[in-house]
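*Asks:* My questions all concern the structure below.
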Amino acid sequence: MVQIKKNVDLSSFTSWMVGGPADFFCLPSNLEELREALEFAKTKTLPTTILGGGSNVLISDSGISGLTIGLKNLSGVLRSEPVADRWLLEVMAGTSKSEILKIFLKQKLAPSVFLAGIPGDVGGGVAMNAGIGEMLTPREFVEITDWVEVMRFDGSVNRLEAKKLRWTYRHCEGWQPGIIIKVGLSWKNQPEDSILVQAKSANQNRLSKQPLDMPSCGSVFVNPPGHKAAMLIDSCGLKGYTLGKTQVSLKHANFIVNLGGATCAEIWQVIQHVQTVVKAKTGVELITEVVKLGRW
Ligand SMILES: Cc1cc2nc3c(=O)[nH]c(=O)nc-3n(C[C@H](O)[C@H](O)[C@H](O)COP(=O)(O)OP(=O)(O)OC[C@H]3O[C@@H](n4cnc5c(N)ncnc54)[C@H](O)[C@@H]3O)c2cc1C
């Protein structure tokens, strides 16, 4: 039976390490438990919020109303095998991207390179169409996803073909409302000996350019058409801008880091300051990639 706890602090469930309590919180480890959680929310007429790996969310200091469902225990690789000329994977949505990275790496397949170093779960990767800016093939989830299975809030399940969804830069539409529970992935089964070296070098590149030793949500803003958000922010002299325990990273201007004890309110003020200065100095509007959750 699913355990639903009251008043659970969510900061440790996010990579930014900020956020207040969930009124109710659970971590279902199978589909029956997930259904029970949805039934609980329905009976009490509570709103439901989904948390994957928590690596792209900004949770309010006042927390999240209703039931928050964390999916990290809804994980596991159900299928991993060659079929015709492709390598097929079927995974639960809470499976970490690093798990599927390991499989693609073992098979020496190209998705390893863009997946190297993107945190969070597979479900979050689909919801955000996670990927990288470099012109590699593949470089986003849209290219490796065949189908997603979604549990609706009444407990029913639909399988949707990925090509019928609307995939855009760091977003995927067409599967809502509901919870992504399973994902089918594939890539052509053409091993390349250089893949391990390429994935290692992608990781080293991240380590040298990103403040991976500090809590963050990765890139805060999407790149505006024709621009790099980091370059715009840097050109406005905002690297190192600090408010309380929140700082525009000195290493990568599109990262905002928690220096230890930052609050969501502080982070949001820094985000707004960056948007205002960049708009005033360059005329370009920065749009956030990170998803705001909770009571705002
Ligand atoms: C150091 C660092 C580096 C990063 N680098 C990259 C990068 O290179 N490229 C990139 O694209 N992103 C990057 N990110 C951002 C983040 O890792 C990705 O967006 C990731 O795909 C989010 O997955 P998650 O499981 O953490 O989702 P979460 O942050 O938990 O959730 C994100 C959104 O998806 C929804 N969601 C999550 N899972 C489900 C589900 N199963 N069903 C329905 N809705 C769901 C949530 O409700 C929320 O709205 C980085 C983050 C960090 C901290």
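*Asks:* Do we have any residue at all in the stretch 231-252 that's within 14 Å of the ligand (Cβ to nearest atom), modelled with pLDDT of 95 or more and under 24 Å from residue 62 (Cβ atoms)?
*Replies:* No, the stretch 231-252 contains no residue that is within 14 Å of the ligand (Cβ to nearest atom), modelled with pLDDT of 95 or more and under 24 Å from residue 62 (Cβ atoms).
*Asks:* For the stretch 91-117: of the residues being small (Gly, Ala, Ser) and over 15 Å from the mean Cα position of the chain (by Cα), which is farthest from residue 52 (Cα to Cα)?
*Replies:* 110
*Asks:* Could you give every pair whose Cβ atoms fall below 7 Å, whose first residue belongs to the stretch 96-113 and is farther than 9 Å from residue 191 by Cα, and whose second residue is among the acidic types (Asp, Glu) and within 12 Å of the ligand (Cβ to nearest atom), counting only separations of at least 6 or pairs across chains?
*Replies:* Every condition considered, the pairs that remain are 96/121; 97/121.
*Asks:* Additional query: Any idea how many residues of the stretch 33-60 are open to solvent by 70 Å² or more (accessible area, probe 1.4 Å) and part of a loop (DSSP other than H, G, I, E, B)?
*Replies:* Number satisfying all stated conditions: 3.
*Asks:* Let me ask another. For the stretch 15-32, check the following and say yes or no: at least one residue is in a strand (DSSP E or B) and within 13 Å of the ligand (Cβ to nearest atom).
*Replies:* Scanning the stretch 15-32 turns up at least one residue that is in a strand (DSSP E or B) and within 13 Å of the ligand (Cβ to nearest atom).
*Asks:* A further question follows. Going through the stretch 28-49 one residue at a time, which ones are of a type in the set (A, V, I, L, M) and under 11 Å from residue 67 (Cα atoms)?
*Replies:* Selection gives 37, 38, 41, 46.
*Asks:* Within the stretch 267-296, how many residues turn out to be assigned to a helix (DSSP H, G or I) and open to solvent by 40 Å² or more (accessible area, probe 1.4 Å)?
*Replies:* Adding up the residues that qualify gives 10.
*Asks:* Do we find that residue 66 is within 14 Å of the ligand (Cβ to nearest atom), open to solvent by less than 10 Å² (accessible area, probe 1.4 Å), in a loop (DSSP other than H, G, I, E, B) and not assigned by TED's automatic domain parsing to the domain that holds residue 181 in this structure?
*Replies:* In short, no.
*Asks:* Which of the residues spanning the stretch 187-222 are open to solvent by less than 50 Å² (accessible area, probe 1.4 Å) and touching a helix residue (DSSP H, G or I) at 6+ places or on another chain (Cβ under 8 Å)?
*Replies:* 187, 195, 199, 202, 219, 220, 221, 222, listed by residue number.
*Asks:* Also, quick follow-up: Of all residues in the stretch 164-181, count the ones that are away from the ligand (no atom under 14 Å from the Cβ) and either within 27 Å of residue 32 (Cα to Cα) or in a strand (DSSP E or B) (or both).
*Replies:* 1
*Asks:* While we're on this one: Quick one: which residue in 184, 120 is more than 9 Å from the ligand (Cβ to nearest atom), touching a residue at least 60 places away in the same chain (Cβ under 8 Å) and either within 15 Å of the chain's Cα centre (by Cα) or buried (at least 17 other Cβ atoms within 10 Å of the Cβ) (or both)?
*Replies:* The unique qualifying residue is 184.
*Asks:* Taking only pairs six or more apart or across chains, which ones have beta-carbon atoms under 6 Å, a first residue in the stretch 190-201 that is within 14 Å of residue 136 (Cα to Cα), and a second residue that is polar (S, T, N, Q) and open to solvent by less than 70 Å² (accessible area, probe 1.4 Å)?
*Replies:* 195/112; 199/112
*Asks:* What is the residue count in the stretch 160-169 for residues that are in contact (Cβ under 8 Å) with a residue 40 or more places away in the chain and buried (at least 19 other Cβ atoms within 10 Å of the Cβ)?
*Replies:* The qualifying residues number 0.
Every residue, every condition in (1) open to solvent by 40 Å² or more (accessible area, probe 1.4 Å); (2) at pLDDT below 95; (3) within 9 Å of the ligand (Cβ to nearest atom), yes or no:
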site: 70; (1), (2), (3): no, no, yes
site: 74; (1), (2), (3): no, no, yes
site: 78; (1), (2), (3): yes, no, no
site: 82; (1), (2), (3): yes, no, no
site: 91; (1), (2), (3): no, no, no
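*Asks:* Where residues in the stretch 123-147 are farther than 19 Å from residue 203 by Cβ and part of a helix (DSSP H, G or I), which of them is nearest to the chain's Cα centre (by Cα)?
*Replies:* Residue satisfying both the conditions and the ranking: 124.
The values are calculated or read from the model by the stated rules, or taken from the named source; none is laboratory data. Quick caveat, the model's predicted, so the values are computed rather than measured. Backbone-built Cβ (ideal geometry, glycine too); neighbour counts: all protein chains shown. Only protein heavy atoms, including side chains, enter the accessible area calculation; ligands, DNA and RNA are left aside. Shrake-Rupley method; radii C 1.70, N 1.55, O 1.52, S 1.80 Å.
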